[in-house]
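Novice: Would you mind keeping the following structure in view while I ask a few things?
The values are calculated or read from the model by the stated rules, or taken from the named source; none is laboratory data. A quick note: this is a predicted structure, and the numbers were derived from the prediction, not measured. All Cβ positions, glycine included, derive from the backbone under ideal geometry; neighbour counts span all protein chains shown. Each accessible area value is taken on the protein alone, full model and side chains, heavy atoms only, with ligands, DNA and RNA left out. Shrake-Rupley method; radii C 1.70, N 1.55, O 1.52, S 1.80 Å.
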Amino acid sequence: MRIVKRGTNLFLVLRMRDMARHLSNDRGRTELHRGVIDAGRRMKTINQKTVQRQMALKPGNYGSYVVAGTRGIPRKKTLSYEIFGVKGGAKIEQYKGLMSVKSSGRAARRMNAGRVTSDRGTVRSGVWNNPRVFKRSFATGTGFFAMRPPSAGTSSRAPKALWTYGSKPGQPRGADGRFAPSGTRYGKVRRLFGPSLMKEIPKDDSLDVFLRHGPALLERHVGKRLTKLMRF
C-alpha cells in the first residue's frame with residue numbers, strides 16, 4: 001500500500017468561500033450593481049455623442065435634444081442598465097445640410113431620379129450624413145413641408161404653397177374656357193421632421209459602439225467593485 005499526500009491551497013479555498021459569501025449577500029449585490037451603473041453611465045455618454053453624429057444633427061442640439069431625450073435606467077433586480085431614447089424626430093431645421101433646391105436644378109434632378117412626377121421634392125437635407133431630397137417636399141416662408149402619399153378621401157386641390165400663376169400650358173379647360181381639375185390628387189401636408197432618437201439609439205453606429213465598448217466598460221467597473229469586496 002502506498003499513501004500519496006496531495007497539497008491543497010487552503011488560502012485559495014478560503015478566498016473562494018469568502019467571494020461566494022460576499023456576492024450572495026445584499027451588500028455584495030449592491031456593489032456589483034454600482035459597478036454596472038458606473039459602466040452604464042459612461043456608455044450612455046458615448047452613445048449620445050455617437051448618435052448625434054449618426055443623425056447629422058447641427059451643433060447646439062446635443063444638450064437640448066440628445067441628452068434631454070436619452071434615459072439611462074438602472075435595474076438592480078437584473079443587474080442591468082438600460083439606455084434608450086424618449087423623443088421622436090426633431091424638426092428638419094435641426095439637421096445639417098438643409099436647403100431648398102430648384103425643381104429644375106442639378107441636385108433636384110439627380111436626387112429625384114427614378115421618381116414619378118408626383119413624388120419629386122425640392123427640400124434637401126444631410127440627415128444620416130447621406131444627403132437626400134425628400135419625396136413630395138417643398139419649402140414656404142413658414143418652414144419645410146411634405147405631402148403624404150395621396151389616398152382615398154384626399155384632396156384634388158393642390159396646397160396653396162404649390163399654386164402657380166400665369167400661363168399654364170397643358171392644364172385642361174372646361175367648355176366655358178375656365179381651368180378644369182387636372183385629376184391629380186394631393187395627400188395631406190405635414191411638417192418635415194428628421195430621424196427619431198428613439199429609433200436611432202439601438203441601431204447602426206450607436207449599436208456598434210455599444211457592442212464594442214460596453215463589455216470592456218462593464219468588466220472594468222464591475223471588476224473594481226469585486227476587488228473592493230475582496231478586501232474585507
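Novice: Where does the charge balance sit around residue 86 when Lys and Arg score +1, Asp and Glu -1, over other residues with C-beta under 14 Å from its C-beta?
Specialist: +2
Novice: Ignoring ligands, DNA and RNA, what percent of the accessible area of segment 50-135 is carbon or sulfur (1.4 Å)?
Specialist: Its accessible area is 52 percent carbon and sulfur atoms.
Novice: Okay, moving on. Given a Förster distance of 22 angstrom, what is the FRET efficiency for residue 41 paired with residue 86, based on the Cβ-Cβ distance and rounded to 0.05?
Specialist: My answer for the efficiency is 0.80.
Novice: Would you be so kind as to identify which of 126, 85, 69 lies farthest towards the positive end of the dipole of segment 22-158, taking Lys and Arg as +1 and Asp and Glu as -1 on Cβ and the Cα centre as origin?
Specialist: Sorting the options by dipole projection puts first 126.
Novice: Along the charge dipole of segment 95-148, Cβ charges K/R +1 and D/E -1, which of 111, 98, 145 sits furthest on the positive end?
Specialist: Checking the options against the dipole of segment 95-148, the answer is 111.
Novice: Go through 219-226, 29-36 and give me the packing order, highest mean Cβ count within 10 Å leading.
Specialist: Put in order of decreasing packing, that is 29-36, 219-226.
Novice: Right, here's the next one. Going highest first, how would you order 192-200, 137-145 by mean Cβ packing within 10 Å?
Specialist: 192-200, 137-145
Novice: Another question, then. If you add up the charges near residue 58, with Lys and Arg at +1 and Asp and Glu at -1, over every other residue whose beta carbon is less than 10 angstrom from its beta carbon, what do you get?
Specialist: Once all neighbours under 10 Å are counted, the net charge is 0.
Novice: Looking only at segment 42-72, which residues have a backbone nitrogen under 16 Å from a spot 7 Å from the Cα of residue 128 in the C-beta direction?
Specialist: 51-57
Novice: Now for a different question. Pop the C-beta distance of residue 196 and residue 117 into the FRET formula with R0 = 30 Å and round what comes out to the nearest 0.05.
Specialist: Using R0 = 30 Å, I get an efficiency of 0.55.
Novice: Among 37, 46, what's the order by accessible area (1.4 angstrom probe), most exposed first?
Specialist: The ranking, largest first, comes out as 46, 37.
Novice: Would you mind checking which residues have amide H under 5 Å from residue 120's amide H? H placed 1.01 Å from N; only 5 or more apart, or other chain.
Specialist: When sequence neighbours closer than 5 places are left aside, the close amide H contacts are 136.
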